[in-house]
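The values are calculated or read from the model by the stated rules, or taken from the named source; none is laboratory data. Just so we're clear, the structure is a prediction, and the values are computed from it rather than from any experiment. For neighbour counting, all protein chains shown are included, and Cβ atoms are generated from backbone atoms with ideal geometry for every residue, glycine included. Note: accessible area is taken over every heavy atom of the protein model, side chains too, but ligands, DNA and RNA are not part of it. Shrake-Rupley method; radii C 1.70, N 1.55, O 1.52, S 1.80 Å.
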Amino acid sequence: MESARSCYTLSNGVAIPCIGFGTYNAKGGDNLAINRTAIEAGYRYFDTASLYETERVLGQAIKESGIPRKEFFIVSKLWIDERGYQGAKEAFERSLDRLQTDYLDLYLIHWPRGMEGDTDWKETDLETWRAMEELCEAGRVRGIGLSNFLPHHADVILKNGKIKPVVDQLEVHPGYTQEAAVRYCEENGIRVQAWSPLGRSAMLENPILKCYAEKYGKSVAQICLRFLLQKGIIPLVKSSTLERMKQNQDIFDFEITAEDMSVLNNMPQNTWLGEHPDFAIPKKRSNFAQ
Ligand code: A2P
């Protein structure tokens, strides 16, 4: 990989940039300005979701940029209350409408299980997936995938679905590497994408990472992003400033040694930020962290 626009090839043959911009809960609140700035900073791969409520401003920023739609890679996700066959079809149309586009590059199931007390999650995931397969076959979306699916959730789709998921978006950063889930994805040809690749503020102050930042003459954020890049994981990085947006793409002029990668891979696994998909199922959209 030579720049943020360098691509991996997904299992269905679609090229995907090696770094994406995350649009969740951008600091400062002015999401339109943040998305405009991210385009100016050079990002073309944008990760959004109906939960984030950033689709509309992202669509506006893209339209206003005057840059052709096909130069962008746009990923969105359907939320818990949009699962099911009909729910997925309708959610997809709403996302396209908010994004002012007629196709998505990827569409993901955001969360494997439903509201509290959902005992039929496997059936619901399969019905959701069937709708997404149809959207894929109809050419409305270039690929379909998963988000926050652990191996036992993804297995339901892999064993029963017609189309294989091309990505799984998981929380991954130094201090929370999810080795088992990442290995499962690798074994099944599923590209991992990392949300909160900087582990938010907790990792930015981490003494081990600060030590490597000094050693390589880079920022802690750049160490986290380069670590993921070297693992073949796509970071979906967020920032609200042009300077940091640019800095976060400037990770192609150094290499972390195998020994240092081992240290980073084996840091204490104590900086989990998210919710457990099987145990902390939120009731409402507003209760939720990712
Ligand atoms: P800011 O918007 O002020 O840049 P994560 O993606 O892991 O959830 O982390 C997002 C947080 O990391 C945001 O608060 C963002 O703040 C901060 N951040 C993003 N890039 C950098 C960077 N290069 N250096 C320091 N902080 C950063």
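The rows are residues; the columns are (1) surrounded by 15 or more Cβ atoms within 10 Å (Cβ to Cβ); (2) of a type outside the set (F, W, Y).
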site	(1), (2)
E40	no, yes
T48	yes, yes
Y52	yes, no
P68	no, yes
Y103	yes, no
H110	yes, yes
E123	no, yes
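Could you tell me how many of the residues in the range 133-148 are outside any helix (DSSP H, G or I), in contact (Cβ under 8 Å) with a residue 24 or more places away in the chain and out of contact with any Leu (no Cβ under 8 Å at 6 or more places or on another chain)? Selection size over the range 133-148: 1. If you go through the range 21-48 and keep only what is within 14 Å of R244 (Cα to Cα), modelled with pLDDT of 95 or more and not aliphatic (A, V, I, L, M), you end up with F21, G22, N35, T37, E40, G42, Y43. Among the residues making up the range 94-134, those that are within 20 Å of the chain's Cα centre (by Cα) and aliphatic (A, V, I, L, M) are L96, L99, L104, L106, L108, I109, M132. Exactly one residue among Y52, Y85 is more than 20 Å from S240 (Cα to Cα) and among the aromatic types (F, W, Y), and that residue is Y85. When F149 is tested against (1) more than 29 Å from N35 (Cβ to Cβ); (2) more than 16 Å from the ligand (Cβ to nearest atom), only condition (1) is not met.
Residues in the range 186-195 that are out of contact with any helix residue (DSSP H, G or I) (no Cβ under 9 Å at 6 or more places or on another chain) and either buried (at least 21 other Cβ atoms within 10 Å of the Cβ) or of a type in the set (S, T, Y) (or both): Q193, W195. If the condition is being more than 15 Å from the ligand (Cβ to nearest atom), part of a loop (DSSP other than H, G, I, E, B) and free of Cβ contacts under 8 Å to residues at least 60 places away in the same chain, then the range 178-205 contributes only N188. Among the residues of the range 216-237, those identified as open to solvent by 10 Å² or more (accessible area, probe 1.4 Å), touching a residue at least 40 places away in the same chain (Cβ under 8 Å) and not hydroxyl-bearing (S, T, Y) are L229, K231, G232. Is it the case that R83 is open to solvent by 50 Å² or more (accessible area, probe 1.4 Å) and of a type in the set (K, R)? When the stated conditions are applied, R83 does not pass them. In the range 206-243, the residue that is nearest to the ligand (Cβ to nearest atom) out of those that are assigned to a loop (DSSP other than H, G, I, E, B) and β-branched (V, I, T) is T241. Those strands (runs of 3 or more DSSP E) of the range 1-78 in which 3 or more residues are within 16 Å of the ligand (Cβ to nearest atom), under 16 Å from the mean Cα position of the chain (by Cα) and closer than 17 Å to D105 by Cα occupy 20-22, 45-47. Restricting attention to the range 251-268, does a residue exist that is within 12 Å of the ligand (Cβ to nearest atom) and either open to solvent by 60 Å² or more (accessible area, probe 1.4 Å) or in contact with an Asp or Glu (Cβ under 6 Å, 6 or more places away or on another chain) (or both)? No, there is no match, as no residue in the range 251-268 is within 12 Å of the ligand (Cβ to nearest atom) and either open to solvent by 60 Å² or more (accessible area, probe 1.4 Å) or in contact with an Asp or Glu (Cβ under 6 Å, 6 or more places away or on another chain) (or both).
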